[in-house]
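Student: One structure is given below, represented as structure tokens, and several questions about it will come after.
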Amino acid sequence: MTTTAFKEPVAQAPSGAAAREPRRRTGRLRRASLPYLLLLPALLLELLVHLVPMVIGIVMSFKELTQFYIRDWSTAPWSGLGNYKVSVDFDAPVGDALLHSFFVTVGFTLLSVALCWLIGTAAAICMQDTFRGRGLLRALFLVPYALPVYAAVITWVFMFQHDNGLVNHVLHDQLHLTGKPSFWLIGDNSFYALLTVSVWKGWPFAFLIVMAGLQNIPRELYEAAALDGAGTWQQIRRITLPSLRPVNQVLVLVLFLWTFNDFNTPYVLFGKSAPEAADLISVHIYQASFVTWNFGTGSAMSVLLLLFLLVVTGGYLLFTSRGRRAADV
């Protein structure tokens with residue numbers, strides 16, 4: 001009887017393709033992680049510049065942080081929701097002043113955003129057609145947006161001077177529209193002065209964004225509408241504005257957030273103490289923190305402002321997204 005010996009299969013050496021597979025996976029992993037590595041420095045700077053101060057400000061809002069604890073603010077006693085209760089107690093002087101500042105800021109923001117959008121859109125539509133000198137006018141329109149904020153606002157401060165300012169010289173001495181020179185940087189006129197500077201500084205940005213959006217509208221639509229007998233206003237109403245709706249939705253939100261949070265313009269225009277008629281909430285929080293030395297209350301006001309802007313932004317995005325879905329259907 002004979003037996004047959006079975007030999008175990010001999011393992012073959014890995015082929016060249018199999019040996020290169022781990023290298024390919026490593027290469028794909030490196031390529032996939034490269035964008036995140038490039039974004040890492042920007043994310044770290046964003047963390048240090050915005051997120052860390054935001055967290056510190058939220059912590060400070062729960063502390064009774066006054067001038068007595070500035071040297072070591074971590075030793076300030078906890079006040080819980082005390083700072084928030086003081087801020088929203090509208091029967092008390094602090095809460096009443098904050099509510100007044102809030103209403104002034106809302107009115108100022110709505111007027112400024114509306115005028116910036118209206119002037120910017122009108123200028124962009126006028127610059128849509130080709131004519132001699134269009135490039136020069138576009139460059140001149142962008143000058144207020146390109147100028148440094150402090151230099152531009154300081155120039156307006158000199159123009160609003162009571163005795164030798166350009167505004168009173170034109171309105172009173174040249175055009176005789178006022179009975180006497182007006183005080184533009186104090187009293188009720190301070191609101192109109194602030195609104196003028198804000199619109200002058202902000203409408204070129206709206207002009208730039210709308211002008212870029214107009215480049216995506218095919219000229220054939222206007223030509224077809226003109227052949228059908230549509231006038232200029234009908235073309236703007238039926239073609240231009242509906243086509244610019246996505247651009248305007250983003251533009252209005254950005255203008256609202258920028259204007260509502262604007263601190264540089266009123267601070268340079270009026271100084272540390274803004275008039276009551278132009279008491280924007282950004283300057284009001286600054287006064288509550290750095291003038292009265294009550295950093296806990298000022299931080300609580302800042303957190304309330306942040307929550308308000310988050311709610312408004314979320315509601316606006318939800319409303320516009322529903323509008324887009326309804327238009328698509």
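Student: Report which label in (1) 29.6, 126; (2) 30.0, 134; (3) 24.2, 82 holds the value of Rg and Dmax of the Cα atoms in Å derived from the coordinates of this structure.
Tutor: (2)
Student: Choose one of 67, 241, 45: the residue whose Cα lies farthest towards the positive end of the charge dipole of the chain (beta-carbon charges +1 Lys, Arg; -1 Asp, Glu; about the Cα centre).
Tutor: It is 45.
Student: Still on this structure: Residues with amide H under 5 Å of residue 63's amide H, sequence separation 5 or more or different chain, H placed in the peptide plane at 1.01 Å from N; which?
Tutor: So residue 63 has HN proximity to 79.
Student: Can you give the local net charge around residue 222? Use residues other than it whose beta-carbon is closer than 15 angstrom to its beta-carbon, Lys and Arg +1, Asp and Glu -1.
Tutor: Here the count lands on -1.
Student: Enumerate the aspartates and glutamates that residue 63 could reach by cross-link, defined here as Cα to Cα under 17 Å, with residues fewer than 8 away along the same chain left out.
Tutor: Result set, ordered by chain and number: 72.
Student: Could you run the Karplus curve 6.51 cos²θ - 1.76 cosθ + 1.60 with θ = phi - 60° over segment 141-147 and give me ³J(HN,Hα) per residue in whole Hz, x for Gly and Pro?
Tutor: Listing the rounded values in order: 5, 8, 4, x, 6, 7, 5 Hz.
Student: Also, I was wondering about something else. Starting from 0.36 nm per residue, how many nanometres of slack lie between residue 81 and residue 180 once their C-alpha separation is accounted for?
Tutor: Between residue 81 and residue 180, full extension yields 30.6 nm more.
Student: What spacing in nm lies between the two simple spin-label points modelled at residue 223 and residue 309, each 7 Å away from Cα in the Cβ direction?
Tutor: Result for the modelled spin labels: 4.6 nm.
Student: Report the calculated FRET efficiency for residue 169 and residue 38 (r = Cβ-Cβ distance, R0 = 56 Å), to the nearest 0.05.
Tutor: For residue 169 and residue 38, the calculated efficiency is 0.55.
Student: What whole-number distance in Å separates the alpha-carbon centres of segment 266-304 and segment 132-159?
Tutor: For segment 266-304 versus segment 132-159, the Cα centre distance is 28 Å.
Student: What accessible area, in Å² to the nearest ten, does a 1.4 Å probe give for residue 75?
Tutor: Looks like 80 Å² after rounding.
Student: Within segment 238-265, name every residue whose backbone N is under 11 Å away from a label modeled 7 Å from Cα of residue 322 along the Cβ vector.
Tutor: It comes to no residues whatsoever.
Student: Suppose every Lys and Arg Cβ carries +1 and every Asp and Glu Cβ carries -1, with no other charges. What dipole size does segment 103-324 come out with about its Cα centre, to the nearest 20 debye?
Tutor: With Lys and Arg at +1 and Asp and Glu at -1, about 540 debye.
Student: For the modelled label position 7 Å from the Cα of residue 230 along Cα-to-Cβ, which residues of segment 239-277 have backbone nitrogen atoms closer than 20 Å?
Tutor: From segment 239-277, the list is 239-249.
Student: Which value, in Å² and to the nearest 10, is the accessible area of residue 50 when all protein chains are kept and the probe is 1.4 Å?
Tutor: Number for this one is 100 Å².
Student: How would you order 133-141, 290-298 from highest to lowest mean count of nearby Cβ atoms within 10 Å?
Tutor: With the highest mean Cβ count within 10 Å placed first, the list reads 290-298, 133-141.
Student: Turning to a different aspect of this structure: Run the accessible area of segment 184-230 with a 1.4 Å probe and give the carbon-and-sulfur part as a rounded percent.
Tutor: Of all accessible area on segment 184-230, carbon and sulfur atoms account for 60 percent.
Student: Per residue, how much accessible surface does segment 103-324 expose to a 1.4 Å probe? Answer in Å², no decimals.
Tutor: Accessible surface, normalised per residue, equals 54 Å².
Student: Please give the solvent-accessible surface of residue 84 in Å², to the nearest 10, using a probe radius of 1.4 Å with every protein chain present.
Tutor: So the heavy atoms of residue 84 present about 30 Å² to solvent.
Student: Let me ask something additional. Please give the contour-minus-distance gain from residue 245 to residue 99: 0.36 nm per residue of separation, less the Cα-Cα distance, rounded to one decimal in nm.
Tutor: Extra length from residue 245 to residue 99 when fully extended: 49.2 nm.
The values are calculated or read from the model by the stated rules, or taken from the named source; none is laboratory data. Because the structure is a prediction, the values reported are computed rather than measured. FYI the Cβ positions are ideal-geometry reconstructions off the backbone, even for glycines, and counts take in every protein chain you see. Remember, those area values only see protein heavy atoms, side chains included, never the ligands or the DNA or RNA. Shrake-Rupley method; radii C 1.70, N 1.55, O 1.52, S 1.80 Å.
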